[in-house]
Amino acid sequence: MNAKRVLIAYGSKAGATAGIAEEIGRTLRDDGFDAVVLPADTVTDVSGYDGVVLGGALYAGHWTGKARRCARRNA
Ligand SMILES: Cc1cc2nc3c(=O)[nH]c(=O)nc-3n(C[C@H](O)[C@H](O)[C@H](O)COP(=O)(O)O)c2cc1C
């Protein structure tokens, strides 16, 4: 059986969220998933994935624009 393909997309300014996303990707790969980690602003098509994890840092109570726009673009 083919491994489930999962995208972990992240919106990060200073790098912390990117590090968390990489760790999620490593953990999912260890669990047998085909996990891909990408910056949210580069994601234009999620149709090739069985699942998507989208994370973003909070600044002044708001999700980073990179994550917000990724969610809107790929809804
Ligand atoms: C100017 C500034 C504003 C922030 N505002 C919030 C906030 O409103 N809520 C929150 O939970 N964290 C807030 N944080 C903390 C960041 O979300 C946190 O440091 C996060 O890990 C940054 O992620 P990044 O390194 O991926 O950009 C703020 C940090 C900074 C520097």
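The values are calculated or read from the model by the stated rules, or taken from the named source; none is laboratory data. Quick caveat: nothing in here was measured; it's all calculated off a predicted structure. For neighbour counting, all protein chains shown are included, and Cβ atoms are generated from backbone atoms with ideal geometry for every residue, glycine included. Just the protein is used for accessible areas: all its heavy atoms, side chains included, with ligands, DNA and RNA removed. Shrake-Rupley method; radii C 1.70, N 1.55, O 1.52, S 1.80 Å.
Just a few scattered comments:
- Look at the alpha carbon pairs under 8 Å that are at least 6 residues apart: their mean separation over the length of region 5-74 gives a relative contact order of 43 percent.
- DSSP bridge analysis restricted to the chain gives an antiparallel fraction near 15%, rounded to the nearest 5.
- Relative to the dominant Cα principal axis of the chain, helix 65-74 is inclined by about 50°.
- Dividing the helix sum by the residues of the chain, where each DSSP H run of 4 or more adds -39500 (n - 2.57), gives a mean residue ellipticity at 222 nm of -10500 deg cm²/dmol.
- Across the chain, the longest run free of exposed loop sites, meaning trypsin sites (Lys or Arg not before Pro) lying outside DSSP classes H, G, I, E and B with no more than 15 other Cβ atoms within 10 Å, spans 14-75.
- Degrees between helix 16-30 axis and first principal axis of the chain (Cα, 0 to 90, nearest 10): 10
- Residue-normalised accessible area of region 5-74, given per residue in Å² at a 1.4 Å probe: 59
- Surface composition of the chain: carbon and sulfur atoms hold 53% of the protein heavy-atom accessible area at a 1.4 Å probe.
- Residue-wise HN-Hα coupling along region 35-42, computed from phi with Karplus coefficients 6.51, -1.76, 1.60 (Hz; x: Gly, Pro): 9, 10, 10, 9, x, 4, 6, 9
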